[in-house]
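Colleague: The structure's right below; bear with me while I get my questions together.
Every number here is computed from the coordinates shown, using simple stated rules; none is lab data. Bear in mind the structure is a predicted one, so any value in this text is a computation, not a measurement. Neighbour counts are summed over all protein chains in view; Cβ atoms, including those assigned to glycine, are modelled from backbone coordinates with ideal geometry.
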Amino acid sequence: MYNEKLEPILEDLENKEIEIAGGSVVGMVLSELNSLIKYICNLTIGKKKYADVEEEVIKIKEEAENLKKEVLQIIDKDKEVLEEILSSYKIRKEEPLKYQEANKQAVEFCMKVTEKALETLKLTNKISKIGNQMLSSDFKICSYYGMASVEASIVNVKINLESIQDEQYKFETKLKYLKMHSDAELIKLEILKGYVV
C-alpha cells in the first residue's frame with residue numbers, strides 16, 4: 001500500500017526534467033523524522049507511566065508538527081534554488097555577479113536546512129529522555145538520520161561555496177557549519193549513550 005503512495009514521488013525524483021534532487025530528499029527525510037517524533041509522542045501521551053512528563057511531551061509534539069511544516073517547504077524551495085543556479089550558470093561568463101549571487105543564496109538556503117536538521121536532532125534528544133522507552137530503536141533512527149541530514153546539507157553548502165569568490169564569506173560560513181556539525185555530533189552521541197550495546 002505505502003509503496004504505491006511513494007512511487008509517484010520517487011518517479012519525480014528520478015525525472016531529469018523536474019529537477020528535484022539531494023536537497024529535496026533532505027526535506028523529505030526531515031519531514032518523516034518529525035512525524036516519527038510525533039509517533040513517539042503519541043505512544044507516550046496517555047500512558048500512566050509517563051503522566052508526570054505528559055505536558056512536556058505534548059509541547060514536543062507541537063514543536064515537531066511545526067518543524068515538519070517548515071521542512072516540507074524545503075522540498076519545493078530546493079527545486080527553486082537549483083533552477084536559479086542552473087539558469088545563472090548558463091550565463092556565468094556574461095553575468096558573473098548574478099552567478100555569484102545565485103550561489104550565495106543557495107549557500108544561505110542550505111545553511112537554513114542544516115539548522116532545521118539540527119533542530120530535529122535537538123527534539124529527538126528531548127523526547128529520548130522522557131518519551132516511551134520501548135521505542136529506543138526509533139530514537140536511534142531519528143538520531144542517525146538527523147545527523148545524516150546535517151551532513152548532507154553541509155555537502156550542499158560546500159559545493160555552492162566552491163563557486164563563490166568572496167573568501168571572507170567562505171571562511172565565516174565554514175566556521176558556522178563546522179560549529180553546527182560539532183553540535184549535531186554531540187547531540188547524536190548524547191541520544192545514543194543510553195542505548196549503546
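Colleague: Could you look through the stretch 139-153, keep only residues that are over 16 Å from GLY27 (Cβ atoms) and among the aromatic types (Phe, Trp, Tyr), and pick out the one that is nearest to the chain's Cα centre (by Cα)?
Modeller: Applying the filter and picking the extreme gives TYR144.
Colleague: Looking at the stretch 81-127 only, could you name the residues that are crowded, with 16+ Cβ neighbours inside 10 Å and of a type in the set (Phe, Trp, Tyr)?
Modeller: Selection gives TYR99, PHE109.
Colleague: Which pairs do you get when a residue that is over 21 Å from LEU30 (Cβ atoms), found in the stretch 52-65, comes within reach of a residue that is polar (S, T, N, Q), reach meaning Cβ atoms under 9 angstrom, with the pair 6+ apart or on two chains?
Modeller: Listed pairs, sorted by first residue: VAL53/THR44; GLU54/THR44.
Colleague: Which condition does TYR169 not pass, out of (1) hydroxyl-bearing (Ser, Thr, Tyr); (2) closer than 25 Å to ILE9 by Cα; (3) surrounded by fewer than 16 Cβ atoms within 10 Å (Cβ to Cβ); (4) touching a residue at least 40 places away in the same chain (Cβ under 8 Å), if it passes all the others?
Modeller: Failed condition: (2).
Colleague: A follow-up question, please. Could you tell me whether ASP138 is in contact with a Leu (Cβ under 7 Å, 6 or more places away or on another chain) and loosely packed, with under 15 Cβ neighbours inside 10 Å?
Modeller: No; evaluated as a whole, the condition is false for this residue.
Colleague: Does at least one position in the stretch 64-84 carry a residue that is over 21 Å from LEU13 (Cβ atoms) and β-branched (Val, Ile, Thr)?
Modeller: There is no residue in the stretch 64-84 that is over 21 Å from LEU13 (Cβ atoms) and β-branched (Val, Ile, Thr).
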